[in-house]
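What follows is a set of notes on a single structure, which appears directly below.
The values are calculated or read from the model by the stated rules, or taken from the named source; none is laboratory data. Quantities reported herein were computed from a predicted structural model and do not represent experimental measurements. When we count neighbours, we look across all protein chains shown, and the Cβ atoms used for this are built from the backbone with ideal geometry, even at glycine. Quick note on the areas: whole protein, heavy atoms, side chains included, nothing else; ligands and nucleic acids left out. Shrake-Rupley method; radii C 1.70, N 1.55, O 1.52, S 1.80 Å.
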Amino acid sequence: MSAPHTHFAIALDGPAASGKSTLAKNLAARLGLVMVNSGAMYRAVTWKALKENISPSDNGAVVEMLGRITITTGVKENLSTIEIDGEDPGDALRSEEVNANVSAISAIPEVRVLLVNLQRDYLQGHSIVMEGRDIGSVVFPDTPYKIYVDAAEHVRAARRSQVGEIDSVAARDAADSKRNTSPLVIAEGATVLDTSDHTIESGVDAAIDILRQQGLPLSRP
Ligand code: DC
């Protein structure tokens, strides 16, 4: 008899610069789980399209590209990794050019189908904290562990400029929330966590309280 499937997913969704990456990383470290950054997957496909001079609004060309590239996902030191055709995009994932084009690429249904399958595959080998926009609503709708991470607009803008990113956060959020396919929503069953006034540590504590209330069996420190 095979061992029961015991892996589980914690879904963290929210707008850009809401603090969800930091929370996901620290929460995963605290709980000994793998952190999966789904945004990096959309960014990697965007990076590849730009590298090939494909316009992100040319759905046909993007879909044609998807058919001939090899996307390899993995885990290194408890964090997700991604390579396309054997190349790790590295810091280029967070370039201004990728920031400006990732919403258009991630609105293409074929891109989402492909990447959602790769995201679900992570559960075969690991229990995970996955951050994104549609993790609680589309990728793992059945997980009981869902947090919608938010922060005040001015806090999010300040966080972005602190890391030196010139990015129209508001414009990207509007595009991600208004698209037809898997828009950013507060998933059914998700609890909202506002990180505006939290430190990293207190944010992780608050997330752990929410997960306990959602039924995650965690021993008290
Ligand atoms: O989390 P991030 O800012 O790195 O995500 C980059 C973009 O990828 C975001 O603007 C929208 C898209 N994205 C998505 O559509 N669905 C996800 N689950 C994660 C990211």
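Those residues that are in a loop (DSSP other than H, G, I, E, B), open to solvent by 20 Å² or more (accessible area, probe 1.4 Å) and closer than 16 Å to residue 146 by Cβ, I need them from the range 184-217; list them, please.
Within the range 184-217, the first condition is being in a loop (DSSP other than H, G, I, E, B), and the residues that meet it are 184-190, 195-199, 214-217.
Now restrict to residues that are open to solvent by 20 Å² or more (accessible area, probe 1.4 Å): 185-186, 188-190, 196-199, 214-215, 217.
185, 186, 188, 189, 190, 214, 215 - these are the residues of the range 184-217 that are in a loop (DSSP other than H, G, I, E, B), open to solvent by 20 Å² or more (accessible area, probe 1.4 Å) and closer than 16 Å to residue 146 by Cβ.
Do we have any residue at all in the range 83-98 that's assigned to a strand (DSSP E or B), more than 30 Å from residue 205 (Cβ to Cβ), open to solvent by less than 50 Å² (accessible area, probe 1.4 Å) and not acidic (Asp, Glu)? It would help to see each step written out before you state the result.
Step one: list which residues in the range 83-98 are assigned to a strand (DSSP E or B), which gives 83-84, 87.
Still in the list and also more than 30 Å from residue 205 (Cβ to Cβ): 83-84, 87.
Checking which are open to solvent by less than 50 Å² (accessible area, probe 1.4 Å) leaves us with 84.
If we keep only those that are not acidic (Asp, Glu) too, we end up with 84.
Checked against the condition, which is being assigned to a strand (DSSP E or B), more than 30 Å from residue 205 (Cβ to Cβ), open to solvent by less than 50 Å² (accessible area, probe 1.4 Å) and not acidic (Asp, Glu), the range 83-98 yields at least one hit.
Among the residues of the range 186-203, is there at least one that is within 12 Å of the ligand (Cβ to nearest atom) and in contact with a strand residue (DSSP E or B) (Cβ under 9 Å, 6 or more places away or on another chain)? Steps first, please.
Taking the range 186-203 and keeping what is within 12 Å of the ligand (Cβ to nearest atom), we get 187.
Filter once more, so that each one left must be in contact with a strand residue (DSSP E or B) (Cβ under 9 Å, 6 or more places away or on another chain): 187.
Yes: the range 186-203 contains one or more residues that are within 12 Å of the ligand (Cβ to nearest atom) and in contact with a strand residue (DSSP E or B) (Cβ under 9 Å, 6 or more places away or on another chain).
Kindly list, by first and then second residue, each pair from a residue in the range 83-94 that is without any contact (Cβ under 8 Å) to a residue 60 or more places away in the chain to a residue that is open to solvent by 60 Å² or more (accessible area, probe 1.4 Å) and not in a strand (DSSP E or B), limited to pairs with Cβ atoms under 8 Å and residues at least 6 apart or on different chains.
The qualifying pairs are 84/70; 85/70; 86/70.
Please give the number of the condition residue 81 fails out of (1) touching a helix residue (DSSP H, G or I) at 6+ places or on another chain (Cβ under 6 Å); (2) of a type in the set (Ser, Thr, Tyr); (3) under 12 Å from residue 38 (Cα atoms).
Exception for residue 81: condition (1).
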